[in-house]
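What follows is a set of notes on a single structure, which appears directly below.
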Amino acid sequence: MVASYTQLLGRRYKGKLDADADEFIHYAVDGVNRMQRLIQDLLTYSRVGTQGRGIRPCDAGRALERATANLQAAIQETQASVEHGPLPAVLADETQLTQLFQNLVGNALKFHGAAPPRVRVRAEPRGEEVRFTVRDWGIGIAPEYFERIFVIFQRLHGKAEYPGTGIGLAICKKIVERHGGRIGVESQPGEGTAFWFTLPAAPSHPES
Ligand SMILES: Nc1ncnc2c1ncn2[C@@H]1O[C@H](COP(=O)(O)OP(=O)(O)O)[C@@H](O)[C@H]1O
Ligand SMILES: [Mg+2]
């Protein structure tokens, strides 16, 4: 209601009041949009543990495909390239795996330097697990922040520079841990970032 009516005010009265009014309405619309994003992200975060679906064999390639489809607007806008190697089947909640890829690839698209973002997703079997890497060649992260960024609301930039709620990586960590995996990051400022996470491999001969 608040969002629709402030947007309606903006549309219907822009230029008809005074400059202050236009500015105030602009701040109200901007604030309410961010509030919506924040509530949405908080709900997603809180539901990882309570509304998760079953953990079963699923195709990581399909999850990545869905994630990039959801990011299509950002990919086109930034002229990004997103490439991936062969992605195996894992034991996961496919909706959450999609969310995980979407948050990591979304960050790679957002925190880029002057050049259009480039993202590469790889998977490597490691015994009973698969280790995924989502790599970019963007602005990078200093090692002293490697732990902090996974904490909810922790961001390294102002919202004017890069918009966001600081919840994305906390969601990623919660999803990975729900699957019994681990998540981490390797990076250097200016050299890009590689987020990695592990998930249990799907059994190659599923028992019936
Ligand atoms: N690919 C990346 N490259 C550089 N910095 C990143 C990347 N991904 C995450 N970060 C840093 O970690 C912070 C937390 O990420 P996240 O939880 O997704 O929040 P948000 O995307 O809303 O800022 C970001 O604000 C940013 O400072
Ligand atoms: Mg994010």
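The values are calculated or read from the model by the stated rules, or taken from the named source; none is laboratory data. Because the structure is predicted, anything quoted here is derived from the model rather than measured. Note that we place each Cβ from the backbone using ideal geometry, even for glycine, and neighbour counts take in every protein chain shown. Protein only, heavy atoms only, side chains kept; ligands, DNA and RNA dropped before computing areas. Shrake-Rupley method; radii C 1.70, N 1.55, O 1.52, S 1.80 Å.
Looking at the range 84-137 only, could you name the residues that are of a type in the set (F, W, Y) and more than 17 Å from G168 (Cα to Cα)? Within the range 84-137, F132, W137 qualify. Condition check: more than 11 Å from ligand 1 (Cβ to nearest atom) and of a type in the set (V, I, T). Does I139 satisfy that? No; evaluated as a whole, the condition is false for this residue. Do we have Y145 as open to solvent by 20 Å² or more (accessible area, probe 1.4 Å), within 16 Å of ligand 2 (Cβ to nearest atom), more than 12 Å from the chain's Cα centre (by Cα) and touching a residue at least 40 places away in the same chain (Cβ under 8 Å) here? No; evaluated as a whole, the condition is false for this residue. For F132, indicate whether it is more than 8 Å from ligand 1 (Cβ to nearest atom), assigned to a strand (DSSP E or B) and not basic (K, R). Here the answer is yes, as F132 does meet what is asked. Of the residues making up the range 83-102, none is within 15 Å of ligand 1 (Cβ to nearest atom) and in contact with a Lys or Arg (Cβ under 6 Å, 6 or more places away or on another chain).
Quick one: how many residues across the range 47-77 are polar (S, T, N, Q), at pLDDT 95 or above and either within 20 Å of A201 (Cβ to Cβ) or over 13 Å from the mean Cα position of the chain (by Cα) (or both)? Break it down stepwise before answering.
Going residue by residue through the range 47-77, those that are polar (S, T, N, Q) are 50-51, 68, 70, 72, 76.
Cutting the leftovers down to at pLDDT 95 or above gives us 68, 70, 72, 76.
Those still in the list that are either within 20 Å of A201 (Cβ to Cβ) or over 13 Å from the mean Cα position of the chain (by Cα) (or both) too: 72, 76.
Final tally of qualifying residues: 2.
Mind counting the residues in the range 10-28 that are in a helix (DSSP H, G or I) and either open to solvent by 100 Å² or more (accessible area, probe 1.4 Å) or within 14 Å of P163 (Cβ to Cβ) (or both)? Explain how you work it out, then say what you get.
To start, the set of residues in the range 10-28 that are in a helix (DSSP H, G or I) comprises 10-13, 19-28.
Still in the list and also either open to solvent by 100 Å² or more (accessible area, probe 1.4 Å) or within 14 Å of P163 (Cβ to Cβ) (or both): 11-12, 24, 26-27.
Of the residues in the range 10-28, 5 are in a helix (DSSP H, G or I) and either open to solvent by 100 Å² or more (accessible area, probe 1.4 Å) or within 14 Å of P163 (Cβ to Cβ) (or both).
Within the range 98-121, can you find the residues that are aromatic (F, W, Y) and buried (at least 23 other Cβ atoms within 10 Å of the Cβ)?
Taking the range 98-121 as the starting set, the residues that turn out to be aromatic (F, W, Y) are 101, 111.
Passing the criteria: only F101.
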